[in-house]
Structure formats: C-alpha cells, structure tokens
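Colleague: Supplied in structure tokens, the structure appears directly below.
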Amino acid sequence: MVKLNVHNFMKKIATYVHPERGFLPDPDPLLELPLAYRAWDELNNAMPELLHNNDFRDALNNIPQLDPSGIKNGPELDRSMRQLSMFANAYVNWGEEPVKSIPKNLAIPLWEIAHRSGRPPIASHASIVLSNWRRIDPDGPIVPENLKTLQNFFGGKDEDWFYLATVGVESVGGCAMSKLFSCLDAIKNNKSNIVVTSLNDLASIIHKINLALERMYEHCRADIFYHRVRPFLKGWPDDGIVYEGVNEEPKIFVGGSAAQSSLLQTLDAGLGITHPSDKSGPFLIQMRKYMPPNHSKVISLLELDPILLKYLNKNKSIELKDAYKKCISGLNIFRKKHLEMAIHYISDQEKKGEEGEGTGGTEFITFLTTARNETHLLMEKE
C-alpha cells in the first residue's frame, strides 16, 4: 500500500476540485461556441422540436462536418462534448427504426472531442449534468431555482428539473470536498480537534446533500421521466454502434448514470468505504472511465492510503468515532433514498416481475442495494 503524502496531495487536488463548487465547472459552462461552430449550437437549440417531429436524424445527417481542431480546451471543449454526445444519444436512441451507426459528420468530431476530454464518445453525467446549466441571475447561487438547462432532448419542466436538481446535489456537495481534505490535513498535523470538527461539518453537508436529492420529486414526474427522458440516457445496444469514418467495429458504451458522479465515490474513498462485492465494485470502477480524468484521479489518490481509517484505529476518542459515524450514517441514508428514488422512477414504471436496468445499464436494484449494505456494514463496525 502506498503511503500518501497529504501535503503534496492537497496541493495536487487543488487543481482538480474547486473548494466550493466541488466537481462543477468554474467558470460557469460556456453559452455558445465560436462562430465557426454555429451549426452545432443551432442543432442544440432545435433538438427538442426536431425530436418531437421525428426530424432529428434527417437534420443531423444534413449538418456540415466541422473540424474540431479549432475548439479550445476548457469551456469550449466541455460544451462541444456535451452537444455532440447528446446528439449521438438522440440519434441512436430515438427514431422509428433502430440504427447501427452514427454518421461521420457527427462521429468524427465526437470521437476527437471525446478523446481530448478523456471520456467515451457518449453522453455521461459530466455532460448532461455538470456542464448543462446556466445561472438566471449570474451573481446568484447555484441552486435549481436559479438555473436553466443549456441542452435537453424533448425538453419540458420534468426533464429540466431532472438535470438541475442533480446539479443542485453537486453544488451542495461541493463544500464537502474541502471539509474532507481539511480532515486529512489535520490528521497529518495530528490536530485531533480539527479532525473532529471537519468530520462533524462534513456530516452536516451530507445531510444537506440528502435534502437536495429529495428535491428531485418536486418537479420531475416518474412517468414523464421514464417515457421521455430515460430512453435518451440509455447506452448502446448489445451489438454495438459503428462510428462511421472512425472504425468499422461496433463499439459498446454504457449510458449516463448517477454512478458516474465523482462526488459520492470521493466521499467513499476518503471515508474508507469499500465495495468489495462483484455486484457493486466492478461497476463503480467502470463508471470512473466516464468521469473527467482529473475527477477520477482524486478518487484514485484517496484510495492509495486509507488515512482516516488508520487514524480511527489508533485514536480511541469517542468524539472522533461519533463524528465519523455521523458521516457514514449520512451516506447510508443517501443510498437508501437513492434506491427508493430509482424504484419510484424506474421499477414502478416497469411491468411487475421484470428487473429494470438503470440508465447506466446495470440491474439497479441489485447494485444500489449492495452499495447501501456495504455502507451500512462499515457503520456497524465502527
């Protein structure tokens, strides 16, 4: 096991995670691309109407093939990745007849943009949530009431709220990162009082994350989500999709999933929660490939050395144990709520007797139940 130099780690993650926004981008997502890429922006804005009229595939087939080399890294790259990957999901997942390939005028730039982004060429959490919002009041908080989506499929309040409520969870959870890293830094300097304070603060933030998660029910109806949003978030079919002009072999990628959020996996790693079951661990590892590389690096760095767990084993302070238990309990509640939400939005919409798949392609009841049980088990140990 590698021993982590906490001081060097803190310096490194400062470039990966915003101290207040966490994994949300800073600056805010870009509102338009350079003029040379106007065709992408125009298709972005027209997509809901085109999908309603079953004209999206024809419209996409007729846009020019643009050279993505002029797209700069950073906000331009993020906007392009969101647009092109959502175009791909709409093209593949919605239409009167199934398709076997993505046309080269989309496939070639998407493949290059995805390669530069370090992610697969399909819509994922980083695009449909992290980079899919703007503030109504530019100086106001990043909360659902002050946000609008930048791109959607069919559109409507339910779809908007599905993305924006999730942005709200990420926003609330942003401060959790600084508390977690403050805790690790205090361990290095053997400041037990700061360790306890940081853990108690972290537990309070996790409670707020749980409240933010519950807001999903406010404006996202289950039947609308199931029939109008979920179909677009699916991954590619079992026989794969060909990216024309890129490869001749069909490629298979999974759909967008909450498991692709770096927030919860970072909290797991920092608090020493592991998922050894083959019903949870491999899927969570696989989902890191769909995260921005700098985000998944944070998780990997934390997993190198379970600093907090080792400190807990050496320190018998009741205050420390209680503060830690509050954090684990909060994450256990989160996973319970997430399971209930997945059942409400997916399982209850399925026919009885069928086990539904989450948007990421996993049997979600089995996965979420296992992940929750693994969190609960650690709480009982402590």
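Colleague: Considering only region 131-178, state which residues are modelled with pLDDT of 95 or more, more than 22 Å from Met81 (Cβ to Cβ), assigned to a helix (DSSP H, G or I) and not small (Gly, Ala, Ser).
Modeller: Hits for region 131-178 are Pro144, Glu145, Asn146, Lys157, Asp158, Trp161, Val172.
Colleague: With the structure loaded, tell me whether Glu218 is under 20 Å from the mean Cα position of the chain (by Cα), over 24 Å from Tyr290 (Cα atoms), modelled with pLDDT of 95 or more and surrounded by fewer than 16 Cβ atoms within 10 Å (Cβ to Cβ) or whether it fails that test.
Modeller: On the way: under 20 Å from the mean Cα position of the chain (by Cα): no; over 24 Å from Tyr290 (Cα atoms): yes; modelled with pLDDT of 95 or more: yes; surrounded by fewer than 16 Cβ atoms within 10 Å (Cβ to Cβ): yes.
No: the conditions fail for Glu218.
Colleague: Right, next: Just checking, how many residues over region 146-203 are of a type in the set (A, V, I, L, M) and under 18 Å from the mean Cα position of the chain (by Cα)?
Modeller: Applying the first criterion (of a type in the set (A, V, I, L, M)) to region 146-203 yields 147, 150, 164-165, 167, 169, 172, 176-177, 180, 184, 186-187, 194-196, 199, 202-203.
Imposing the further condition that a residue be under 18 Å from the mean Cα position of the chain (by Cα) reduces the set to 147, 150, 164-165, 167, 169, 172, 176-177.
Within region 146-203, residues that are of a type in the set (A, V, I, L, M) and under 18 Å from the mean Cα position of the chain (by Cα) number 9.
Colleague: Sort out which residues of region 165-193 are of a type in the set (Ser, Thr, Tyr) and in contact with a Gly (Cβ under 8 Å, 6 or more places away or on another chain), and write them in order of number. Steps first, please.
Modeller: Restricting attention to region 165-193, the residues satisfying the condition of being of a type in the set (Ser, Thr, Tyr) are 166, 171, 178, 182, 192.
Across region 165-193, the qualifying residue is only Ser171.
Colleague: Condition first: of a type in the set (Ser, Thr, Tyr) and out of contact with any strand residue (DSSP E or B) (no Cβ under 9 Å at 6 or more places or on another chain). Can you find one or more residues in region 252-262 that meet it?
Modeller: At the first step, the residues of region 252-262 found to be of a type in the set (Ser, Thr, Tyr) are 257, 261-262.
With out of contact with any strand residue (DSSP E or B) (no Cβ under 9 Å at 6 or more places or on another chain) added as a condition, the list becomes 257, 261.
Yes, region 252-262 contains a residue that is of a type in the set (Ser, Thr, Tyr) and out of contact with any strand residue (DSSP E or B) (no Cβ under 9 Å at 6 or more places or on another chain).
Colleague: Moving to a separate point now. All but one of (1) closer than 23 Å to Arg228 by Cα; (2) without any contact (Cβ under 8 Å) to a residue 24 or more places away in the chain; (3) not in a loop (DSSP other than H, G, I, E, B) hold for Leu43; which doesn't?
Modeller: Here Leu43 meets the rest and fails (2).
Colleague: On the given criteria, is Leu264 surrounded by fewer than 18 Cβ atoms within 10 Å (Cβ to Cβ) and among the aliphatic types (A, V, I, L, M)?
Modeller: Details: surrounded by fewer than 18 Cβ atoms within 10 Å (Cβ to Cβ): no; among the aliphatic types (A, V, I, L, M): yes.
It is false that Leu264 is surrounded by fewer than 18 Cβ atoms within 10 Å (Cβ to Cβ) and among the aliphatic types (A, V, I, L, M).
Colleague: How many residues are in a helix (DSSP H, G or I), surrounded by 16 or more Cβ atoms within 10 Å (Cβ to Cβ), in contact (Cβ under 8 Å) with a residue 60 or more places away in the chain and not hydrophobic (A, V, I, L, M, F, W, C) when one looks only at region 267-293?
Modeller: 3
Colleague: Being over 16 Å from the mean Cα position of the chain (by Cα) and either aliphatic (A, V, I, L, M) or closer than 25 Å to His207 by Cα (or both) is the filter here; which residues of region 130-145 pass it?
Modeller: Of all residues in region 130-145, those over 16 Å from the mean Cα position of the chain (by Cα) come to 134-145.
Correct list: Arg135, Ile136, Gly140, Pro141, Ile142, Val143, Pro144, Glu145.
Condition check ((1) exposed (fewer than 12 other Cβ atoms within 10 Å of the Cβ); (2) modelled with pLDDT under 95; (3) touching a helix residue (DSSP H, G or I) at 6+ places or on another chain (Cβ under 7 Å); (4) basic (Lys, Arg)) across all residues:
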| position | (1), (2), (3), (4) |
| --- | --- |
| Leu24 | no, no, yes, no |
| Ala39 | no, no, no, no |
| Asn44 | no, no, yes, no |
| Glu49 | no, no, no, no |
| Pro64 | yes, no, yes, no |
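Colleague: Oh, and also: All but one of (1) within 18 Å of Val254 (Cα to Cα); (2) surrounded by fewer than 18 Cβ atoms within 10 Å (Cβ to Cβ); (3) at pLDDT 95 or above hold for Ser127; state the number of the condition that does not hold.
Modeller: Going through the list (1) within 18 Å of Val254 (Cα to Cα); (2) surrounded by fewer than 18 Cβ atoms within 10 Å (Cβ to Cβ); (3) at pLDDT 95 or above, Ser127 breaks only (2).
Colleague: Criterion first (farther than 18 Å from Gly174 by Cα, assigned to a loop (DSSP other than H, G, I, E, B) and without any contact (Cβ under 8 Å) to a residue 12 or more places away in the chain) does Asn193 satisfy it?
Modeller: Details: farther than 18 Å from Gly174 by Cα: yes; assigned to a loop (DSSP other than H, G, I, E, B): no; without any contact (Cβ under 8 Å) to a residue 12 or more places away in the chain: yes.
Considered against the rule, which asks whether it is farther than 18 Å from Gly174 by Cα, assigned to a loop (DSSP other than H, G, I, E, B) and without any contact (Cβ under 8 Å) to a residue 12 or more places away in the chain, Asn193 comes out as no.
Colleague: Within region 301-326, work out how many residues are in contact (Cβ under 8 Å) with a residue 12 or more places away in the chain and either closer than 22 Å to His275 by Cβ or in a loop (DSSP other than H, G, I, E, B) (or both).
Modeller: Restricting attention to region 301-326, the residues satisfying the condition of being in contact (Cβ under 8 Å) with a residue 12 or more places away in the chain are 301-309, 311-312, 315, 317, 319-321, 323-326.
Those left that are additionally either closer than 22 Å to His275 by Cβ or in a loop (DSSP other than H, G, I, E, B) (or both): 301-309, 311-312, 315, 317, 324-326.
The qualifying residues number 16.
Colleague: Here is a check on your reading of the model: is Val99 of a type in the set (Val, Ile, Thr) and either at pLDDT below 95 or buried (at least 16 other Cβ atoms within 10 Å of the Cβ) (or both)?
Modeller: Working: of a type in the set (Val, Ile, Thr): yes; either at pLDDT below 95 or buried (at least 16 other Cβ atoms within 10 Å of the Cβ) (or both): no.
So Val99 fails the test.
Colleague: Would you check if there is a residue in region 102-122 being part of a helix (DSSP H, G or I), over 25 Å from Asp58 (Cα atoms) and touching a Lys or Arg at 6+ places or on another chain (Cβ under 9 Å)? Outline the logic, then answer.
Modeller: Our first condition is that a residue be part of a helix (DSSP H, G or I); within region 102-122, this holds for 104-117.
Next, only the ones that are over 25 Å from Asp58 (Cα atoms) stay: 115-117.
Keeping just the survivors that are touching a Lys or Arg at 6+ places or on another chain (Cβ under 9 Å) gives none.
For region 102-122, residues part of a helix (DSSP H, G or I), over 25 Å from Asp58 (Cα atoms) and touching a Lys or Arg at 6+ places or on another chain (Cβ under 9 Å): absent.
Colleague: So how many residues does region 234-254 have that are at negative phi and in contact with a helix residue (DSSP H, G or I) (Cβ under 7 Å, 6 or more places away or on another chain)?
Modeller: Our first condition is that a residue be at negative phi; within region 234-254, this holds for 234-239, 241-244, 246-254.
Pick out the ones that are also in contact with a helix residue (DSSP H, G or I) (Cβ under 7 Å, 6 or more places away or on another chain) and you get 234, 236, 241, 243-244, 246.
Qualifying residue count, region 234-254: 6.
Colleague: Taking region 132-175 as the search range and keeping residues that are small (Gly, Ala, Ser) and in contact with a strand residue (DSSP E or B) (Cβ under 7 Å, 6 or more places away or on another chain), which one is surrounded by the most Cβ atoms within 10 Å (Cβ to Cβ)? Explain how you work it out, then say what you get.
Modeller: At the first step, the residues of region 132-175 found to be small (Gly, Ala, Ser) are 140, 155-156, 165, 168, 171, 173-174.
Imposing the further condition that a residue be in contact with a strand residue (DSSP E or B) (Cβ under 7 Å, 6 or more places away or on another chain) reduces the set to 173-174.
Details: Gly173: 26, Gly174: 21.
Selected residue: Gly173.
Colleague: Could you identify the single residue in Val92, Val99 that is under 26 Å from Asn54 (Cβ atoms) and assigned to a helix (DSSP H, G or I)? Working first, answer last.
Modeller: Values: Val99 fails: assigned to a helix (DSSP H, G or I).
Only one candidate qualifies: Val92.
The values are calculated or read from the model by the stated rules, or taken from the named source; none is laboratory data. Worth saying up front: this structure is predicted, and the values here are computed from it rather than measured. Using ideal geometry, Cβ is built from the backbone for each residue, glycine included, and neighbour counts are taken over all protein chains shown.
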